[in-house]
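Here the structure is laid out as structure tokens; the discussion comes afterwards.
The values are calculated or read from the model by the stated rules, or taken from the named source; none is laboratory data. These figures come from a predicted structure and were not determined experimentally. Because the Cβ atoms are built from the backbone with ideal geometry, glycine has one as well, and the counts that use them run over all protein chains shown.
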Amino acid sequence: MKKQIKIHDKFFEPFISNQEIERAIAKVAIDINKQYQNKKPLFIGILNGSFLFFADLLKKIDIECEVAFLRVSSYQGTQTTGEVKKILGLDKSIENRDIIIVEDIVDTGITLDRIFNDLQKENPNSIKISTLLFKPKAYTKKIPVDFVGFEVGNEFLVGYGLDYNELGRNLNDIYIISENKMINLVLFGPPGAGKGTQSELIKKRFDLVHLSTGDMFRYHLKNETELGKLAKSYMDGGNLVPDEVVINMIDSRLDYEKGAKGFIFDGFPRTLDQAKALDELLEKKGWEISNMVSLEVDQEELVKRLLLRGKESGRKDDQDESVIRNRMNVYETQTAPLKNYYANQGKHKSVEGTGSIEEISEKIAVAIS
């Protein structure tokens, strides 16, 4: 089984292998063969999901039987709609017949209840239910489920006939949806907005790893790693270090921090190309950016803060108002496209950066949550 797959916008992890499925089907077939000796049951497969289970189950049935199909639908995306629509009906009489309904999965039982009641009106001799997967905690009906391959929890599954928005049915194995509980945060703020202070508080509150591109550069240069040597070759030539090198540094650090609950990206991305490259890198790992939080502070307030900081720290770039305002303009020019980029993904959160440190931290926490 593949370690992880992506279908549409969601990631799925291995859950039940094809070998396990085959063993479960063999057990179900043995039970059916025993109970229907000297009978000729009619197997009714519920399309589309049951087609693989139906076919593999029939291969192991060694009694006389007939086959028919119904097609119904009650799912949209990963949620049941609660509305059953019969699309394709039976083409033969079931009066006085022994019926075995074959489902891929029984969860709430809404679909099954509708099918069962409709078939009962045709006066069959008996109706029993066979399903590969059964979700007892989700089941809301009283109809007994007679032949079960696996009892599972309420998580969304895909593969071996099960789909997510019509994709994934052809997978040989069954996969479970991967709930992305990681918090991967891009934190932006103009000079003087308090980004450094808030990064430390967020890191502690959510147990995240703080990734500073400046720190990564210093590490690789100091330790003369291959990436450090490559970066230095560009810097010595008076050139900017290519995004690819920076991404590789980030990739190396992400791999080093195995088991991390998430990351704060500081100083990267700064451009649209970098944001897209970061998304591609995280996607390969089955992750994504959770939020891009931008601290919003009035420019006049920022100028006051930085001039005060310049007096206290002696930093020259915080003592010249024209330099400060130019830095503000550069920030706005760089971040405006990024705000739109993440806003289009529904991930951009603006947080008012005035008030006490604790108040701002709480606002950021709410935005993240």
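With the requirement that a residue be modelled with pLDDT of 85 or more, polar (S, T, N, Q) and either outside the structural domain of THR271 (by TED's automatic domain parsing) or closer than 17 Å to VAL297 by Cβ (or both), what does the range 335-369 give you? Residues satisfying the conditions are SER350, THR354, SER356, SER361.
Yes/no matrix, rows are residues, columns are (1) hydroxyl-bearing (Ser, Thr, Tyr); (2) in a helix (DSSP H, G or I); (3) farther than 22 Å from PRO269 by Cα:
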position	(1), (2), (3)
GLU301	no, yes, yes
LEU306	no, yes, yes
VAL323	no, yes, yes
ASN329	no, yes, no
LEU338	no, yes, no
GLY346	no, no, no
VAL351	no, no, no
GLY355	no, no, yes
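All of (1) assigned to a helix (DSSP H, G or I); (2) among the hydrophobic types (A, V, I, L, M, F, W, C); (3) under 30 Å from PRO14 (Cβ atoms) hold for PHE263 with one exception: (1). When the residues of the range 134-158 are filtered to those that are part of a strand (DSSP E or B) and touching a helix residue (DSSP H, G or I) at 6+ places or on another chain (Cβ under 9 Å), the one that is surrounded by the fewest Cβ atoms within 10 Å (Cβ to Cβ) is PHE150. For the range 96-115, a residue qualifies if it is farther than 25 Å from ILE21 by Cβ, of a type outside the set (Asp, Glu) and surrounded by fewer than 20 Cβ atoms within 10 Å (Cβ to Cβ), and the qualifying residues are ASN96, ARG114. Of SER126, SER130, all but one fail to be in the same structural domain as SER17 (by TED's automatic domain parsing), buried (at least 17 other Cβ atoms within 10 Å of the Cβ) and closer than 23 Å to VAL67 by Cα; the exception is SER130. Taking the range 232-252 as the range and being closer than 25 Å to LEU282 by Cβ, over 34 Å from the mean Cα position of the chain (by Cα) and of a type in the set (A, V, I, L, M, F, W, C) as the test, only LEU240 passes.
Summed over the range 228-243, the residues that are out of contact with any Leu (no Cβ under 7 Å at 6 or more places or on another chain), closer than 20 Å to ARG270 by Cα and surrounded by 14 or more Cβ atoms within 10 Å (Cβ to Cβ) give a count of 2.
The conditions of being out of contact with any Asp or Glu (no Cβ under 7 Å at 6 or more places or on another chain), closer than 22 Å to ALA343 by Cβ and assigned to a helix (DSSP H, G or I) are not met by GLU312. Scanning the range 86-110 for residues that are closer than 14 Å to PRO144 by Cα and in contact (Cβ under 8 Å) with a residue 60 or more places away in the chain yields a count of 1.
Here the condition is being under 22 Å from ARG23 (Cα atoms), within 31 Å of the chain's Cα centre (by Cα) and at pLDDT below 95; of GLY82, GLY77, GLY49, it holds for GLY49 alone. Among the residues making up the range 186-219, those that are within 24 Å of GLN299 (Cβ to Cβ) and part of a strand (DSSP E or B) are VAL186, LEU187, PHE188.
Of the residues making up the range 115-132, those that are of a type in the set (A, V, I, L, M, F, W, C) and in contact with a helix residue (DSSP H, G or I) (Cβ under 9 Å, 6 or more places away or on another chain) number 3.
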